[in-house]
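Have a look at the structure below before the remarks.
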Amino acid sequence: MEIFYSPYSLKPLQFLNALGPKQNGREGALLKVDWGEGLVGYADLHPWSELGDASLEEQLSDLRQGLYSPQVKQSLWLAQRDAELRQQKKNIFELHNPIKNNFLLADIQITQPTTFDELKKQGFTTIKVKMGRNLKEECRLLSQIADAGLKVRLDFNAMGSPGSFEEFIKSLSNKVLHSIEYVEDPFPFEFSFWVEARKLAKIALDNQYEKVPWDEISTAPCDVIIIKPAKMDVNLALAYCQKWNLKATVTSYMDHPVGVTHAMGVAMELQQKYGEMILESGCLTHHLYQADSFSAELSSEGPYLKKVTGTGVGFDQLLGTTIWFQIKKTQ
Ligand code: MG
């Protein structure tokens, strides 16, 4: 197996969450994995150090020494899925039915949709709001979303506390409460507090996933698991969903367009396989960054990401002209 990489930088157009300041560029690398005999696949590697991932340099240097970070393991898994499709000349979008995505409001100062009614007309049914930067303004938006008859997913990125979360939920009108599909990571994971939080709203587990002692718990601490194929063992997360009767949302990792189409592919495949267990996904994230040659290949129609031309996850032409650096060769 030979592994190559190609570094890139994504330029955010806005704040991506409440964790840090707007950055000039978010560094990542595309990976090209060649298993020989024409089996070649691609994937993304896009670390979020703010969320606890090892840095890109660290993960690449580990990879040179044969150490695979959880993220690199997932990239290789995704690259292999891609390679098999490319070898069969199949495009992942043609294998499955399309699945809806939520509309993402990452920075409410910038991404103000014209109106929520307009989004509804475009076919969106769910809005995701990154909470915690301006609670008053966010609550005003929640009322508008509820008035438009849309569902909402709130994401606190574990920035709150059990007390502030309870206070927040109790401050909401019934109409807003009913519009909430779930609340993601309301505060840092603590089993008993999360079990309590489920009495106030449906709770989704995302960036606190690693903290859950799955083999020791007696009841599920959440209603939904956010599956990020870019960094989570997808089959293991699905096994937890089945064991505890949870739903799952597949999302991209606010990463490169290659990561976006990989996540979309996993979402479509899982929905076909597991039906209602798989909720609308969250893969429409490329508009958070300045357009580049890869994102120019992506287009959406309302909540749907359209097929990307090529085999596997697409982008054949661009990946073919990308400059690659060899990182590792194993027998
Ligand atoms: Mg989240």
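The values are calculated or read from the model by the stated rules, or taken from the named source; none is laboratory data. Nothing here was measured: the structure is a model prediction, and the numbers come from that model. In this analysis, Cβ positions are derived from the backbone assuming ideal geometry, glycine residues included, and neighbour counts consider all displayed protein chains. With ligands, DNA and RNA removed, areas are computed over all heavy atoms of the protein, side chains included. Shrake-Rupley method; radii C 1.70, N 1.55, O 1.52, S 1.80 Å.
Atom-type composition of the exposed protein surface of the stretch 98-180 places 52 percent of the accessible area on carbon and sulfur (1.4 angstrom probe).
In loop segments of the stretch 70-160 as defined by DSSP, the trypsin sites (Lys or Arg not before Pro) with at most 12 further C-beta atoms inside 10 Å of their C-beta are 89.
Give a quick list of trypsin sites (Lys or Arg not before Pro) in the stretch 242-331 that DSSP marks as loop, anything other than H, G, I, E or B, with at most 16 other Cβ atoms within 10 Å.
In loop regions of the stretch 242-331 (DSSP not H, G, I, E or B), the sparsely surrounded trypsin sites (Lys or Arg not before Pro) are 306, 307.
With a Förster radius of 45 Å applied to the C-beta separation of residue 143 and residue 235, the computed FRET efficiency comes to 0.70. The sum of -39500 (n - 2.57) across all DSSP H runs of n ≥ 4, divided by the residue count of the chain, sets its helix-only mean residue ellipticity at 222 nm to -9500 deg cm²/dmol.
Here's the list of aspartates and glutamates a cross-link from residue 130 could span, going by alpha-carbon distance under 16 Å and ignoring same-chain residues fewer than 8 apart: 50, 107, 138, 155, 181, 184, 185, 206.
List the DSSP H helices in the chain whose Cα atoms stretch 20 Å or more along the helix axis and whose mean Kyte-Doolittle hydropathy is at least 0.5.
What comes out of the filter, once short or polar helices are dropped, is none.
One decimal place: the segment residue 272-residue 80 gains 67.1 nm when fully extended, by the rule 0.36 nm per residue minus the C-alpha distance.
Extension gain, residue 327 to residue 243: 0.36 nm times the residue separation minus the Cα-Cα distance gives 26.3 nm. Across the stretch 215-331, the volume of the C-alpha convex hull divided among the residues equals 165 Å³ per residue.
Ligands, DNA and RNA are left out, and with a 1.4 angstrom probe the accessible area of the chain is 44 Å² per residue. Annotation: aspartates and glutamates with alpha-carbon distance below 16 angstrom to residue 90 (same-chain offsets under eight excluded): 82, 269, 316. Distance between the 7 Å Cα→Cβ label points at residue 170 and residue 121: 4.1 nm. When only Cα pairs below 8 angstrom with a gap of at least 6 residues are kept, the stretch 140-189 shows a relative contact order of 54 percent. Amide H to amide H distances under 5 Å link residue 227 with 249, 250, 251, where only residues 5 or more positions off or on other chains count and H is placed in the peptide plane.
Applying both filters, DSSP loop and at most 12 other Cβ atoms within 10 Å, to the GluC sites (Glu not before Pro) of the stretch 118-220 gives 216. Measuring against 23 Å, Cα to Cα, the residue pairs 100/128; 121/170; 170/199 contain 121/170 as the ones spanning a longer distance. In the distance distribution for the stretch 126-249, Cα-Cα pairs more than 25 Å apart total 22 percent.
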